[in-house]
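Quick one: structure below, then a few questions.
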Amino acid sequence: MNSLFRGVFVRRFLSRSVLAALPLALVLSVARLPAQELWSTVGPDGGDARAFASVPGDPSHLYLGTTDSWVYESTDAGASWHRLAKMEGANSFVLDHIVVDPAAPATIYAAAWRADGPGGGAWVTHDGGRTWTELTGLHGQSIYAFAQAPSDPHILFAGTLEGIFRSNDRGATWTQISPEGSREIHEVESLAIDPANPDIVYAGTWHLPWKTGDGGKTWHNIKQGLIVDSDVFSIIIDPSRTRTVYLSACSGIYKSENAGLLFHKIHGIPNEARRTRVLTQDPENREVVYAGTTEGLYKTRDAGRTFRRMTGADVIVNDVFVDPRDPNHVLLATDRGGVLASNDGGETFTASNTGISERKVEALLVDRSNPERLYAGVVNDKSYGGVFVSADGGKTWSQDGQGLDGRDVFVLAQTKDGAVLAGTNEGIFLLDPTANTSADSSADAGAAADSSSSALGSAPSLVWAARNTIANTIVKTIAETAYRTRVNVEKKEKAPLVQLDGRVNALDASTDVWAAATSYGLLTSDDQGATWHGGPVMDASDYDSVTVHGDNIAAAHADGVVLSQDKGLTWWPIGLPKMLTRIHRVAFSPDGTLWLGAREGVYFTKDMGKSWMWLERLPFRDVDDLSYDPALKSILVSSRSNDQVFAIDPKTLTWKWWQTGYPVALIRSTGERLVAASLNDGVLLQPPAAGTLPPQRASLPAAH
């Protein structure tokens, strides 16, 4: 296990009530190790897939673009995939276009826009994807359309937010061929190049379609027959009859048989499938056209006279690949579901995501009794998401979302009896142990082989049951007559039952009293989640973190920490260092020390907030997650803005770090290896152990 151990500067702070800081520093020696091997992505398979490209003459050799800057490669017609390269510059490049040069198949272009703001670019490789170079002429451009001229591989076109650009030298230089500063030809979403004449270009914008017949010297609006203000997502030209043009827009699908002079709307597709993101023509039978929409895949066999939906309405299709050697082999690039494959012309589909790891994992749990069993909770994947389970340390996964109904999962916790809890965007759920007597059977090799099909509708093996009843008591003051005297008496009464339907940010079920930090407030349960009690505390309802140690419960929201010493019956605020601006996590270590992760770093208190120690020289300060790991006997720390994670020995205050290579949401331990939840790349697994250095030891100065 490659690691680097360091001592820390420790600075002691009194609480805000004292408003004083006493600097105490201790410098330890630094032990360095060689550069670390990056962690591997192990699934769960699937996620967002955006665009396909195949090697001309070898359709079994495919490339796939994703939403987090990665290009994947398949050499078995999409049956399995592996990561090929990541475009440098950001973690949020949406790779909507990949082009393989037919004259030199080792030359591949990838074009992108950024999902988290303006920006993007294009890259080229001349060695099959081993090394990539940015096309500097398009640096920073949000590229929504990219195409190579079929008649001349030297000529490339890019459609960006600014307009349309052309290169005559394979991307070395670029010239804008749409009018600069045009109020019409900008925000270009789609391009189609005439198969025989690269000067004939069709362009679809977020407003309407345009065409040039002279390489961009003049442009003509080709809106006849279209509903005004239609966003044009896709344009294709029939290579055998180039005057036949198909166009998809937010208002439907259109067809022109006179090179765009007049379009007529195709009425075989329902009006509700308004956003048709891609049109793909069967390379063998030109009468067959696939329409990938935000409400499923549609197909026509009669050149657009009639369409039939081939998938469920929940499938969001971004791209369609039809195998030129076997048109019955069809692949879909989809949101959430990754790659779907059909071998019968689209009649049926199964997931084909082996090797694709594009999940946004927000929750991760290592089973206490079996460290090989991992639970991963994902967000943004609806019916394709929920909780995934692996019984073999991440090699294979099965989706177990029955009862979660597409909810996002933000936290996973395990009770002392081994049951699993999921905190979602709509309450708390318990994995019902009676639904499956052997948890191992839910993730054995057979189930893992069928795991992707569960996302397409097959029944998962485990069932989640809601545990969301809030049963509070209220104290009322009423007047009663006793011995002919009217007196005020306080009586406890049951309040009306409330169902928790808000977001759950943290759970601690390690003792007989369970605690939950939610958008409703702080909740506790002493009957295994059958009922919860609580609500807003100290005028705050949206709590982010909670931790339990015996009768003590500590919880944090952005601006404060509260403490209960009677299992949640009463609460009071505790003092904090005055420099804190954003608190994210709290955790107890076994000796009762309370640890805090914040924007300013890691703090701890041994006296419930009367004084605090600040660990000054750690790898980063913007701490998003912090937890105590009993297997490592360490505090594990991570940040969403950093690819490093580290572990602190709470006794010696030495620490060791690992570089994962990916932005991390949180880190956990299997005892032998570390696992992490990434923001966009699924579950990460630490490389095999490669030796460690003994930690440095230090003694703290006496507290003041």
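Here, each number is a calculation from the coordinates, and none is a lab measurement. None of the values given here were measured: they were computed from a predicted structure. No Cβ is skipped: glycine too gets one built from the backbone with ideal geometry, and neighbour counts run over all protein chains shown.
Between R640 and D501, take the C-beta separation as r, use R0 = 22 Å, and let me know the FRET efficiency to the nearest 0.05.
Efficiency at R0 = 22 Å is approximately 0.25.
Within the set K416/K606; K223/K265; K223/K255; K567/K633, which residue pairs have Cα atoms separated by over 20 Å?
Values: K416/K606 25 Å; K223/K265 12 Å; K223/K255 12 Å; K567/K633 25 Å.
From the list (K416/K606; K223/K265; K223/K255; K567/K633), the Cα-Cα distance tops 20 Å for K416/K606; K567/K633.
Of the listed peptides 189-201, 383-395, what is their order by residue-averaged count of other C-beta atoms within 10 Å, with the highest listed first?
Highest mean packing first, the order is 383-395, 189-201.
What order, most packed first, do the peptides 325-337, 233-245 have when packing is the mean number of other Cβ atoms within 10 Å of each residue?
Output ranking for 325-337, 233-245: 325-337, 233-245.
Give me the number: length gained by fully extending K610 to A172, i.e. 0.36 nm times residue separation minus the C-alpha to C-alpha distance, one decimal in nm.
Between K610 and A172, full extension yields an extra 151.3 nm.
Moving on. What list of ³J(HN,Hα) couplings, whole Hz, do you get for segment 182-197 from phi and the Karplus terms 6.51, -1.76, 1.60, once you set θ to phi - 60° and write x for glycine and proline?
Once θ is set to phi - 60°, the couplings for segment 182-197 become 4, 7, 10, 9, 8, 6, 7, 9, 8, 9, 9, 10, 4, x, 10, 9 Hz.
Run the simple label-point estimate for R305 and A79 please: 7 Å along Cα→C-beta, distance reported in nm.
A separation of 3.9 nm, rounded to one decimal place.
I've got another one for you. Collect residues whose amide H, placed 1.01 Å from N in the peptide plane, falls under 5 Å from the amide H of H97; neighbours closer than 5 in sequence don't count.
A111
In Å, what is the Rg of the alpha-carbon atoms in the chain, and how long is Dmax?
Reported Rg and Dmax, both Å: 29.3, 106.
Restricting to DSSP H runs of at least four residues, report the calculated mean residue ellipticity at 222 nm for the chain, -39500 (n - 2.57) per run over all residues, nearest 500 deg cm²/dmol.
After summing the helix terms and dividing by the residues of the chain, the value is 0 deg cm²/dmol.
Using the Cβ atoms and a cut-off under 15 Å, what net charge is assigned to the surroundings of G129, where Lys and Arg are +1 and Asp and Glu are -1?
Neighbourhood net charge equals -3.
Describe numerically, in nm with one decimal, the distance between label points set 7 Å from Cα along Cα→Cβ at S40 and at N343.
Rounded to a tenth, the inter-label distance reads 2.7 nm.
Quick check for me: using +1 on Lys/Arg Cβ and -1 on Asp/Glu Cβ, what's the dipole size of the chain about its Cα centre, in debye to the nearest 20?
Roughly 1960 debye for the chain.
I would also like to ask the following. Using a 7 Å offset from the Cα along the Cα-to-Cβ direction at both N258 and N370, what is the distance between the two label points in nm, to one decimal?
6.9
Still on this structure, I have one more. Per residue of segment 128-134, in order, report the coupling 6.51 cos²θ - 1.76 cosθ + 1.60 (Karplus, θ = phi - 60°) as ³J(HN,Hα) in whole Hz, putting x for Gly and Pro.
x, x, 6, 10, 10, 10, 6
Related question: Would you work out which of H267, W464, I200 lies farthest towards the positive end of the dipole of the chain, given +1 charges on the beta-carbon of Lys and Arg and -1 on that of Asp and Glu, about the Cα centre?
Value computed over the given set: W464.
List, in order, the whole-Hz ³J(HN,Hα) value for each residue of segment 664-673 obtained from phi through the Karplus relation with A = 6.51, B = -1.76, C = 1.60 and θ = phi - 60°; use x for Gly and Pro.
Values, residue by residue: 10, 8, 6, 9, 9, 10, 9, x, 9, 9 Hz.
Set the Förster distance to 22 Å, then compute FRET efficiency between D417 and D559 from the Cβ-Cβ distance, nearest 0.05. Could you put the intermediate results ahead of the total?
Numbers: r = 35 Å, r/R0 = 1.60.
Using R0 = 22 Å, I get an efficiency of 0.05.
How far, in nm, would the chain grow between N285 and E184 when pulled straight, counting 0.36 nm per residue and subtracting the alpha carbon separation?
32.8 nm
All other residues with a Cβ under 11 Å from the Cβ of E257 taken together, and with Lys, Arg as +1 and Asp, Glu as -1, what is their net charge?
Surrounding charge for E257 is +2.
Under the 0.36 nm per residue contour assumption, what length would be gained going from the current alpha-carbon distance of N472 and D551 to full extension?
Values: separation 79, 0.36 × 79 = 28.44 nm, distance 1.98 nm.
Net length gain for the segment: 26.5 nm.
First select every other residue whose beta carbon is under 12 angstrom from the beta carbon of S142; then total the charges, Lys and Arg +1, Asp and Glu -1.
-4
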